[in-house]
Amino acid sequence: MKARGFAAARVVTCDPARDGALGAIVGGVVVERGGRIAFVGPRAEAPRDAAIRDFGDRVITPGLIDAHTHACWVGSRHDEYALRMRGADYAALTRAGGGIAATHHAVTGASVEQLAEALTARLRRMAACGVTTVEVKSGYGLEPAHEHKQLAAIAAVARRPDVPTIVPTLLALHALPVSVSDRAAYVARVAAELVPDVARLGRARFVDAYVDRGAFTVDEARIVASAAARAGLGIRLHVGQFADVGGAELAASVGALSADHLEHVSDDGIAALARAGVAATLLPVASFTLAQAPPPIAALRAAGLRLVVASDANPGTAPTESLPLALALAVRSYGLTTEEAILGATRHAAASLGFADRGALRVGARADLAVWDLPHEAAILQPWGVAKTIEVLARGRRLHPARRASGTDSSSPS
């Protein structure tokens, strides 16, 4: 099996076994064989049988991992965004039929094929930004039939070899459908029917719930989280985007891998997350769009929580497909260091999704990597507004740049 090497002035491994916070190697090389990493180290020590491409004064990192997205949608909420930029209140827009409800209507009117086509295009653009693994939630279907439709579209795209690896999540409690008058019956049906049905079909790895003021209560989310645990699915939760209603404590008590948002969280909630080893997933694009204060980063850091950074890609509060943009905002608006931001989209993001085989460049890991047309990893955190990758691989397969229609290789080491 032929070995391929990728050399650059800096190879940022994110491997905790190496020196430095990011385990950077000056003049390093990564060798891939059969979709796995066979060697990482100085160029002079690389296996002799590896065909090495030298990318010069550039940087190689692990493929980025976007651990929180709502990337399966159709339609547009540009009108709502414009109103918010003029000062309209998000809650008031939601009550008027905007927000999640607007995308719900678009999703219910779309076919599985239309949803899959939109998701495929979106994931390809994410790949150009260095992303090799993407968590994709349902949650705009709201009703079981349409949730299944979203998850069917996600499953169809996940079988494609030319997009990042998908981690599917059933966002079981996102918003109450307008046709529902009995909240308790709705939550009970989700827990008793939707969650086990999705698990039986193998269409999700995780179950999520939106625990917040104006969304779902701790007690309601606990019912669904318990159903997820019984079905053998992992748990992740939206917590405290607009108010602290006890979501952090819930996440800790039900064994969630991640609590996401955390703009509002108490000291007791932070302590509970730390004791339970729950990751804190930060979504700075959403708080930027909503003009919110950031989460209590100093307290999260002091408690020793793993800090994950994700795009939150969605059509309303985080209309982006760029994880590097989220990283730039995490540094500028949240005060993360370069090292924290990069680990938050690599090793820590992988752990928050239950993966030990990606997020770091080390022997035996998946050959997921990104070659950046940048001289240093800190440059990734600048708000370029354009994709800055030269080549992106997942399991050793090229995701970006895509091969030309003729099948010829469109990339160049330059």
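The values are calculated or read from the model by the stated rules, or taken from the named source; none is laboratory data. This structure is a prediction, so every number in the text was calculated from the model and none was measured. Positions of Cβ are generated from backbone atoms using ideal geometry, with glycine treated the same way; all protein chains shown enter the neighbour counts.
Among the residues of the range 273-290 satisfying the criterion of being crowded, with 24+ Cβ neighbours inside 10 Å and in a loop (DSSP other than H, G, I, E, B), which is nearest to the chain's Cα centre (by Cα)?
Going through the qualifying residues, I end up with LEU283.
What are the residues in the range 251-272 that are farther than 23 Å from VAL167 by Cα and not polar (S, T, N, Q), if any?
GLU263, HIS264, VAL265, ASP267, ASP268, GLY269, ILE270, ALA271, ALA272
For (1) assigned by TED's automatic domain parsing to the domain that holds THR338; (2) over 28 Å from the mean Cα position of the chain (by Cα); (3) aromatic (Phe, Trp, Tyr), each residue gets a yes or a no:
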residue	(1), (2), (3)
VAL11	no, no, no
ASP19	no, no, no
GLU32	no, no, no
PHE39	no, no, yes
PRO42	no, yes, no
ARG48	no, yes, no
ALA51	no, yes, no
PHE55	no, no, yes
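Residue check, SER412 against (1) under 30 Å from ASP79 (Cα atoms); (2) surrounded by fewer than 23 Cβ atoms within 10 Å (Cβ to Cβ); (3) modelled with pLDDT under 95, all met but one. Which one?
It fails just one condition, (1).
TYR186 is checked against (1) within 25 Å of ALA252 (Cβ to Cβ); (2) free of Cβ contacts under 8 Å to residues at least 12 places away in the same chain and fails just one. What number does that condition carry?
(1) is the only condition that TYR186 fails.
Answer yes or no: is there a residue in the range 89-96 that is of a type in the set (Ser, Thr, Tyr) and closer than 30 Å to TRP384 by Cβ.
Scanning the range 89-96 turns up at least one residue that is of a type in the set (Ser, Thr, Tyr) and closer than 30 Å to TRP384 by Cβ.
For the range 1-44, which residues satisfy the criterion of being modelled with pLDDT of 95 or more, more than 20 Å from VAL392 (Cβ to Cβ), in a loop (DSSP other than H, G, I, E, B) and of a type in the set (A, V, I, L, M, F, W, C)?
ALA17, ALA21
Among (1) of a type outside the set (A, V, I, L, M, F, W, C); (2) buried (at least 22 other Cβ atoms within 10 Å of the Cβ); (3) under 25 Å from TYR140 (Cβ atoms), there is one condition ARG213 misses while meeting the rest; what is its number?
Just one mismatch for ARG213, condition (2).
Please go through the range 145-183 and give me each residue that is surrounded by 15 or more Cβ atoms within 10 Å (Cβ to Cβ), out of contact with any Asp or Glu (no Cβ under 9 Å at 6 or more places or on another chain) and not in a helix (DSSP H, G or I), ordered by number.
Passing the criteria: ASP162, VAL163, ALA175, LEU176.
Does any residue in the range 113-134 that is without any contact (Cβ under 8 Å) to a residue 40 or more places away in the chain come within less than 9 Å, Cβ to Cβ, of a residue that is not in a helix (DSSP H, G or I) six or more places away or on a different chain, and which pairs are these?
GLU117/VAL74
Please pick out the residue among ILE235, ILE223 that is over 17 Å from ILE100 (Cβ atoms), modelled with pLDDT of 95 or more and surrounded by fewer than 23 Cβ atoms within 10 Å (Cβ to Cβ).
ILE223
If I filter the range 1-22 down to residues being small (Gly, Ala, Ser) and surrounded by fewer than 20 Cβ atoms within 10 Å (Cβ to Cβ), which single residue comes out as nearest to ASP373 (Cα to Cα)?
So the residue we want is ALA9.
Go through the range 49-67 and give me each residue that's surrounded by fewer than 20 Cβ atoms within 10 Å (Cβ to Cβ), farther than 16 Å from HIS376 by Cβ and not aliphatic (A, V, I, L, M).
Scanning the range 49-67 gives ASP49, ARG53, ASP54.
Tally the residues that are in contact with a Pro (Cβ under 9 Å, 6 or more places away or on another chain) and among the hydroxyl-bearing types (Ser, Thr, Tyr), restricting the search to the range 278-301.
2
Can you spot a residue in the range 316-325 that is under 30 Å from HIS78 (Cα atoms), of a type in the set (A, V, I, L, M) and touching a Pro at 6+ places or on another chain (Cβ under 6 Å)?
So far as the range 316-325 goes, no, none of its residues is under 30 Å from HIS78 (Cα atoms), of a type in the set (A, V, I, L, M) and touching a Pro at 6+ places or on another chain (Cβ under 6 Å).
Here are some residues: GLY28, GLY75. Which one is under 22 Å from HIS174 (Cα atoms) and small (Gly, Ala, Ser)?
Answer to the selection: GLY75.
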